[in-house]
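The structure appears right after this line, and notes come after that.
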Amino acid sequence: MLVAASSPLTKIIPGLMIWTLVFFVIVFFVLKKFAFGAIQKTIDERREQIRRSIEEADNARDEARKLLEEHRQLIGQARSDAEGILAEARKTRESMEQRMREETEAERQRRLEETRKEIDAEVSRALERIRNEVADLTLEATSMVVGKKLDADRDRELISEAIDSLDFSRLEESA
C-alpha cells in the first residue's frame, strides 16, 4: 500500500480533481447536446426497424400458414376430384363393358336365330323335294305295275294326299 500512496497517479490533488470534474461536466453536456441525441435517434430508428422487421416476419409467417392451409385444402380437393373422376371413369367403363356384352349376346342370339331359320327353311325345302321325288317315283312305279300311263294330274293329287298323311317326323328327328 505504501507504493500506491507514493504514486503520483493515486495522490489526491484537490485542484486537479475540480478541474477534472469541470471538464467531465463540460464534456458530458457537449456529448449530451450533440452525440447522445444522435446516438439515441440511431438507436430508436434501429429499434423501430427491428420492430417493423419482426412484424413483417410475423405477417409473412401468418400468410405462409394461410397459404399452406389453402394449399393443403386444394390438394385435398384435387384428390377428391381425382377420386370422383376415377370412380366415374370406372362406372363408364363398367357400363360400356356391360353394353358390349349385351350387344355381343344380342348379336349372337340374332345370328343363332337366323341360322335356325335357315336350317328350318332348308329342312322344309328338302322335305318338299323328297315328297316330290316320292310322288314321281310312285307314279313311275305304279305305271310300271299297271302297265299303262296314268293320268299324271289326278294320280299326283292322290299321291300327294297319301304322302301328306305320312309321318315325316322321324326323318326330321334324325336330321
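Can you list residue pairs whose Cβ atoms sit under 9 Å apart, with the first residue in region 60-74 being surrounded by 10 or more Cβ atoms within 10 Å (Cβ to Cβ) and the second being of a type in the set (Val, Ile, Thr)? Count only pairs 6 or more apart in sequence or on different chains.
Qualifying pairs under 9 Å: none.
Looking at region 122-133, is at least one residue surrounded by 10 or more Cβ atoms within 10 Å (Cβ to Cβ), of a type in the set (D, E, K, R), within 30 Å of Glu161 (Cα to Cα) and in contact (Cβ under 8 Å) with a residue 24 or more places away in the chain?
yes
Output the number of residues of region 1-34 satisfying the condition of being outside any loop (DSSP other than H, G, I, E, B) and modelled with pLDDT under 90.
Going through region 1-34 one residue at a time, the tally reaches 13.
The values are calculated or read from the model by the stated rules, or taken from the named source; none is laboratory data. Small disclaimer: the values here were computed from a predicted structure and weren't measured. Positions of Cβ are generated from backbone atoms using ideal geometry, with glycine treated the same way; all protein chains shown enter the neighbour counts.
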